[in-house]
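Note sheet for the following structure.
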Amino acid sequence: MAKSIQAVRGMNDILPEQSAAWQYLEDTLRAVIHGYGYREIRLPLLEMTELFKRSIGEVTDIVEKEMYTFEDRNGDSLTLRPEGTASCVRACLEHGLLHNQVQRLWYAGPMFRHERPQKGRYRQFHQIGVEAFGMEGPDIDAEMILMTARMWRVLGLSEVTLQLNSLGSVESRAAYRGALVDYLCGCESGLDADSRRRLDSNPLRILDSKNPDMQAIIENAPQLPDYLDAESRTHFAEMCAILDDAGIGYELNPRLVRGLDYYAKTVFEWVTDRLGAQGTICAGGRYDGLVEYLGGRPTPATGFALGLERLIALLEAHAIELPDNATQVYLVLSGTQGIRRGMVFAGELRDAISGLRLQVNCGGGSFKSQFKRADKSGAHYALVIGDDEAGQGSVALKPLRSDGEQETLSQQQAAQRLRELLDIF
Ligand code: ATP
Ligand code: MG
């Protein structure tokens, strides 16, 4: 036998026993998002490398060391998307979705980053992203946060904290950047290699460093909120007032940053301490400069992305019971007539009970082995049709998870009886 091939490191299969939880999570989040009037946009997994270099920025972890970039057969440099915002803006510009109109959009799917795989950090992972274009006020920033808060509430996730900051305007951030660089130059001997490199190119990102040796320097650094311009201050205060009215608690985190010039004003993250080091489940904020930066007209924009692997882990940590998609009824068949009648009868049951999860035994087997399979399927009831039942128009019904008696029903009655037993109306 040939040596079997393994999955690429950091890229996970989502196995059948996990997929029900994923579907539940995706369905629940989609319903919340649709409840706010956002529409789905589906975007390619591959984009021109230039798009990410320009939008995410050359001096970021993602572009410097995390992208899956390759040349295709035409010699074009393509990259597997590491996030969705860039593609979303690209698509909006390409299709004229931002002309004289606002847009509320969302997308979902796999993202790719060549990071060191560990719990909560993978090379293929899944995000849902939400973006709004054309609205500059604090109301839409607040809407983003209210939407995420609703998601956690609907999912039953309580141990999550909202962190907020404001990045201010381009000008006020430039003033802050100057002060930060002066301070960091004063402690240059303590800076790690990454930070030293960023000192010129992207000093705000230094505040985001995960290196524990850098934490003392970061803690004593000048604070961004002290440099905010008046307009950003008002914007932030009004957004916080909406959150206060809605009863959403938050912590102000002056070190919460995004490094690039097109970010402005609001930044937020939802964090939890239930997931170890990878505690950020959702990150977002305002990026008013990006559309213009990618070649469009100046367009205010705000959005967030959440990580589905981390949310699944958090649902597990909360021991939240999730619906499963297990088979409810297993149809045991024997004899030529039994099989022929059974295959058609199964269709009649599915017609009669919408959403019924019914598995028909295929591939034959003794009663004993069929009942074993029935048990393994998770079904609560087995139905049995052999040649006799086929001839009489009857079916036997046997509970698999309780001590109840076996019943014999007419095939016409079966749907009604199952509805009662399964509590389906
Ligand atoms: P981190 O600081 O954890 O690296 P990030 O700032 O790179 O996160 P974003 O680009 O803001 O993350 O992505 C939004 C969300 O996507 C994160 O909050 C996280 O939940 C999830 N995420 C990001 N990278 C990964 C990854 N490699 N594996 C799993 N989930 C991830
Ligand atoms: Mg990262």
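Numbers at a glance
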{"quantity": "Filtered residues of the range 12-44 (kept if over 16 Å from L105 (Cα atoms) and open to solvent by less than 40 Å² (accessible area, probe 1.4 Å))", "calculated": "S19, A20, A21, W22, L25, T28"}
{"quantity": "Flag for L308 being within 16 Å of ligand 2 (Cβ to nearest atom), under 17 Å from the mean Cα position of the chain (by Cα) and either under 27 Å from Q118 (Cα atoms) or not polar (S, T, N, Q) (or both)", "calculated": "yes"}
{"quantity": "Contacts under 7 angstrom Cβ, first residue in the range 231-260 being within 15 Å of R150 (Cα to Cα), partner assigned to a loop (DSSP other than H, G, I, E, B) and open to solvent by 30 Å² or more (accessible area, probe 1.4 Å), 6 or more apart", "calculated": "L243/Y250"}
{"quantity": "Verdict on A149 being surrounded by fewer than 21 Cβ atoms within 10 Å (Cβ to Cβ) and out of contact with any strand residue (DSSP E or B) (no Cβ under 8 Å at 6 or more places or on another chain)", "calculated": "no"}
{"quantity": "Flag for V32 being outside the structural domain of D288 (by TED's automatic domain parsing), away from ligand 2 (no atom under 16 Å from the Cβ) and of a type in the set (A, V, I, L, M)", "calculated": "no"}
{"quantity": "Hits in the range 261-279 - residues which are among the aliphatic types (A, V, I, L, M) and within 11 Å of ligand 1 (Cβ to nearest atom)", "calculated": "V267, V271, L275, A277"}
{"quantity": "Candidates A221, A174, filtered to the one that is of a type in the set (G, A, S) and in a loop (DSSP other than H, G, I, E, B)", "calculated": "A221"}
{"quantity": "Residue match in the range 112-126 (condition: more than 16 Å from ligand 2 (Cβ to nearest atom) and either in contact with a Ser or Thr (Cβ under 7 Å, 6 or more places away or on another chain) or open to solvent by less than 30 Å² (accessible area, probe 1.4 Å) (or both))", "calculated": "no"}
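Matching residues to (1) of a type in the set (V, I, T); (2) open to solvent by 70 Å² or more (accessible area, probe 1.4 Å):
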| site | (1), (2) |
| --- | --- |
| V344 | yes, yes |
| D351 | no, yes |
| N361 | no, no |
| G386 | no, no |
| A396 | no, no |
| P399 | no, no |
| R417 | no, no |
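The values are calculated or read from the model by the stated rules, or taken from the named source; none is laboratory data. Everything numeric here is computed off the predicted structure, so don't read it as measured data. Don't worry about glycine lacking a Cβ; one is built from the backbone with ideal geometry, like all the others, and counts go over all protein chains shown. Remember, those area values only see protein heavy atoms, side chains included, never the ligands or the DNA or RNA. Shrake-Rupley method; radii C 1.70, N 1.55, O 1.52, S 1.80 Å.
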